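The block underneath contains the structure these notes are about, expressed in structure tokens.
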Amino acid sequence: MELLLLSNSTSDDGYLVPALDAILELADGRQDALFVPYAGVTRDWDDYTAQVRDALAPVGIAVRGLHREADARAAIDAATLIIVGGGNTFRLLKCLREQQLLEPIAQRVRAGATRYVGWSAGSVITSPTIRTTNDMPIVDPGGLDSLGLMPFQFNCHYFNLVVAGFRGETRDQRLAEFTVLSPEMPVLGLPEGDWVRVSGERRTLHGEHAARWFLGERTWDITAGALEVPR
């Protein structure tokens, strides 16, 4: 499998700009990408696709939207580079499940027939489930199981900010609720600006910020380098 899983797409440098070199490396000469805009809710899918198209045009990658394909399954089966954008994870999962695209995408990625780029929701759905997303369940996706390409859960846009006077749960407290009930499943808190590169059996964490593992009652920070999934 060849995947590039980003925490986020926006930055002060420009949309996807910090990730362009990593996307080019992942694409490995592939110049046509199939973009999945289904996580977009407050943005029009044509506009979302155009934004990604404009961001990748300078590096020679042409982008077309899956929502404009006459046969979505055939488009997935033919794609050699799939890009899945962020937004609302529940909406993304609902659309993919309704079109029966989850298993076809997973099969092609596992077989190495297509390479995969995702950010935010597009990264979260590579987990076994979407139960560690930050999003509100604005739609019923018909189940929380997702692509299951990674043996751990993602929590993108990770931070554990404590705001004075705020009495709600911190991110760590929210993730602890998951790990109390699923103590055997690791969760990777992936900060903004970081990403995970998967190449075969090798997983590597990139970025300037420390990520955080959650497993059962334990938490610990890790820095860029080989990513070993804890058990």
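Bear in mind that the values in this text are calculations on the coordinates, not laboratory data. These numbers were taken from a predicted model, which means no experiment stands behind them. Here the Cβ is made from the backbone with ideal geometry for all residues, glycine too, and neighbour counts use every protein chain on show.
Considering only alpha-carbon pairs that sit under 8 angstrom and 6 or more positions apart, the relative contact order computed for the range 46-127 is 32 percent.
Two numbers describe the Cα atoms of the range 139-194: Rg and Dmax, which are 13.4, 39 Å. Ordering 5-16, 162-173, 89-100 by mean Cβ neighbour count within 10 Å, with the highest value first, yields 89-100, 5-16, 162-173.
The range 1-64 and the range 72-88 have their alpha-carbon centroids 12 Å apart. Its residue count N fixes a reference of 2.2 N^0.38 Å for the chain, and the Cα radius of gyration divided by that reference is 0.97.
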